[in-house]
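Asker: Could you have a look at this structure, given as structure tokens, before my questions?
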Amino acid sequence: MKLFRPAVLLSIVLVTLTLSSGCWRYRAVLNRAEREQLEQQRIAAAQDAIRTASADSIRAAQAKDLEKTLSYYAPNAVMFGAGAPMQGIEGIRKVWQQLLAAPNLQMKLTTISVEVARSGDLGWEYGSFESTSSDSKGKPVTQKGKYVVIWKLQPDGSWKIEADTSANDK
């Protein structure tokens, strides 16, 4: 009878360990699924934040608010366009001053896609643009093209433009 008791006890312990290891495996799968869902939610929230910042920045430009427009750029941001790249807020200021000074300026941005790196601190947006202004004779001049903007999450939780580039269709 004494031999039977340890065998029963050993069986109970083995069954318990087997069942609990199955529960841990289930929990690990559940935790992995929960982590993936949280990561997807975090990425989606970052995409929404970038879309919002992008829309706000173009509204500031449409209102010809230079300082507000520049507030969406990181201090060492770089802007690529016609001519040499402009780095830093002061270089980018010159580009925007010239653009915002155009008479009868109207701008439209159409975002095609916003993606965010898995790390959640870097995102990129691309799309098309159309701007119309008047030339020296008052005749409308329209430019159409494509753009790419790289956004970086800042320590304060805001998203700022790190790189901005565009190319005209013609």
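The values are calculated or read from the model by the stated rules, or taken from the named source; none is laboratory data. If you're wondering where the values come from, they're calculated on a predicted model, not measured in any experiment. Positions of Cβ are backbone-derived with ideal geometry, glycine not excepted, and every protein chain shown enters the neighbour counts. These accessible areas exclude ligands, DNA and RNA; they are computed on the full protein's heavy atoms, side chains included. Shrake-Rupley method; radii C 1.70, N 1.55, O 1.52, S 1.80 Å.
Asker: Considering the range 76-90 alone, what residues qualify as being over 23 Å from the mean Cα position of the chain (by Cα) and not in a loop (DSSP other than H, G, I, E, B)? Let's see the steps before the verdict.
Answerer: Quick first cut of the range 76-90, residues over 23 Å from the mean Cα position of the chain (by Cα) only: 82-84, 90.
Of everything in the range 76-90, just one residue is over 23 Å from the mean Cα position of the chain (by Cα) and not in a loop (DSSP other than H, G, I, E, B), namely 90.
Asker: What pairs can you find where one residue is in the range 89-113 and touching a residue at least 60 places away in the same chain (Cβ under 8 Å), the other is open to solvent by 100 Å² or more (accessible area, probe 1.4 Å) and outside any strand (DSSP E or B), and their Cβ atoms are less than 7 Å apart, with a gap of 6+ or different chains?
Answerer: Final answer for the pair search is 111/51.
Asker: Would you be able to tell me the number of residues in the range 52-75 that are free of Cβ contacts under 8 Å to residues at least 24 places away in the same chain and either of a type in the set (Lys, Arg) or in a strand (DSSP E or B) (or both)?
Answerer: Total meeting the criteria: 3.
Asker: Still on this structure, I have one more. Within the range 148-170, track down each residue that is modelled with pLDDT of 95 or more, of a type in the set (A, V, I, L, M, F, W, C) and open to solvent by 50 Å² or more (accessible area, probe 1.4 Å).
Answerer: Listed by number, the residues that qualify are 148, 150, 153.
Asker: Here is a further query. Does residue 76 satisfy the condition of being open to solvent by 80 Å² or more (accessible area, probe 1.4 Å) and at positive phi? Give the steps one after another, and end with the answer.
Answerer: Values: open to solvent by 80 Å² or more (accessible area, probe 1.4 Å): yes; at positive phi: no.
When the stated conditions are applied, residue 76 does not pass them.
Asker: Within the range 140-147, is there a residue that is more than 21 Å from residue 103 (Cβ to Cβ), small (Gly, Ala, Ser) and open to solvent by less than 30 Å² (accessible area, probe 1.4 Å)? Spell out how you get there, then give the answer.
Answerer: Taking the range 140-147 first, the residues more than 21 Å from residue 103 (Cβ to Cβ) are 146-147.
Going one step further and asking which of them are small (Gly, Ala, Ser), we end up with none.
No: zero hits.
Asker: Taking the criterion of being farther than 26 Å from residue 49 by Cα and either loosely packed, with under 12 Cβ neighbours inside 10 Å or not β-branched (Val, Ile, Thr) (or both), would at least one residue in the range 116-132 satisfy it? It would help to see each step written out before you state the result.
Answerer: Filtering the range 116-132 down to residues farther than 26 Å from residue 49 by Cα leaves 132.
This time we only want the ones that are either loosely packed, with under 12 Cβ neighbours inside 10 Å or not β-branched (Val, Ile, Thr) (or both), so: none.
Taking every residue of the range 116-132 in turn, none turns out to be farther than 26 Å from residue 49 by Cα and either loosely packed, with under 12 Cβ neighbours inside 10 Å or not β-branched (Val, Ile, Thr) (or both).
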